[in-house]
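Read-outs: derived from the displayed coordinates by stated rules, not from any lab. Just so you know, these numbers come straight off a predicted model, no measurement behind them. Methodologically, a virtual Cβ is constructed for each residue, glycine included, from the backbone with ideal geometry; neighbour enumeration extends over all protein chains shown.
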């Protein structure tokens, strides 16, 4: 089943979204949308209009501006994420202008360098995260990734810009990031575009760009402009100074995608990146996203109540027809429509509330069977089967579990290559799996564990 990847780019004037269809790793850009923000409009209402009703499996990503974060590059003699998380508060507290207790801390995947590992770490005021998540949580829109500019944008555009100088221009801020191998190696926060003219902006981009390039000893980095402030005139000013500058090109319906939609596209791409590939995501701790199964159970309960109300209404309507109390029946109809709209705010029109409600309930029941309320091939039953056939004397840490009606793909770590072979042989004995294939197995950098990827083909019939 295909999933949707949705990038949500919010600035002071517009809310822009990009929608990507992810069909087993094949990504297709379906469309982009923007909605102007008026002062009287609530952001939550605008988000509902541009995103619609979330579906099971959707992944959404948004980002905080660089000006809302304190970013530092730290060095550690180790790469274990648990150790880094333990010492990070102390390390950052020595460098931050605010108390670390008022911030939420995050860090990216350690990068090997000479004499240790380099880690990009960030501290964000907890109140800023609460404000950013509030409109999504208000309407139960599952925002999976809340990243940081320009890191999240660079990660999403790595397929277009593996190396270069990424310039993001919007009404809030201008950032200039040095991107090396798809990751931000350093960046600069430039003055707000509203406070300077285009000539000063171009001069600032060139000046800071030269400083960033100088730190690498190379001068062949191209300027790539994205965002609503990436105008043709600014592009020409950079080119007039002998620089190589461009707007990343990706097509939608045969036409180049406008620069103002590229940040939303980058966020949609980032939404599809595995959580195991650690990047900045402030959906941690008390801000962690609740499971989709919990939200679905709440929805099914509401639908069961609706079904009961509809049955009562149908019975009452028949009685009231004989008793000439059509007014009361109309009141019940209005009440059911009101509850239906509250439960499904994305429904544009209600023609036959009971029929629409039954259709919605049937759809949720199908989804419920998929995630664990039904036959032998439900997700929970398969997880239980894998657990039963895993040898008890080996340690297996599953980091990524991808389920489709045809197969299961698991990625994780274990202690040795022999443990992987034993796991494969015992899983082959299960009547649920037609074939077990070890796709990849390699020793980790520290030599203490083995990373592996296994594919389990489900039997068509038992």
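The table below gives the values:
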| quantity | calculated |
| --- | --- |
| Using alpha carbons only: equivalent-ellipsoid semi-axes of the stretch 174-309, gyration tensor based, whole Å | 41, 19, 15 |
| Cβ-derived FRET efficiency at R0 25 Å, residue 275 paired with residue 381, nearest 0.05 | 0.55 |
| Share of alpha-carbon pairs per 5 Å distance bin for the stretch 67-113, given as whole % | 4, 19, 34, 23, 14, 5, 0 |
| Identified option (computed percent of Cα pairs over 35 Å apart; candidates (i) 44; (ii) 32; (iii) 40) | (i) |
| Kirkwood Rh and Cα Rg combined as Rg/Rh, the stretch 53-203 | 0.98 |
| Cα Rg, Dmax (largest Cα-Cα span) when computed across the stretch 379-458, Å | 11.9, 37 |
| Normalised contact order of the stretch 379-458, rounded percent, pairs of Cα under 8 Å and 6 or more residues apart | 31 |
| Least to most buried among 188, 55 (fewest other Cβ within 10 Å first) | 55, 188 |
| Point-to-point label distance, residue 437-residue 115, nm (Cα→Cβ direction, 7 Å offset) | 4.7 |
| Gap separating the Cα centres of the stretch 398-413 and the stretch 203-261, nearest whole Å | 40 |
| Estimated FRET transfer efficiency (residue 358, residue 290; beta-carbon r; R0 30 Å; 0.05) | 0.65 |
| Per-peptide average of other Cβ atoms within 10 Å, ordering 139-151, 401-413 highest first | 139-151, 401-413 |
| Relative contact order for the stretch 122-259, counting Cα pairs under 8 Å that sit 6 or more residues apart, in percent | 19 |
| Theoretical gain in end-to-end length, residue 430 to residue 337 [0.36 nm per residue, Cα-Cα removed] | 28.6 nm |
| For the stretch 27-116: Kirkwood Rh in Å [reciprocal of mean 1/r, alpha carbons] | 17.5 |
| Percent RCO, i.e. relative contact order, over the chain, from Cα pairs under 8 Å lying at least 6 residues apart | 12 |
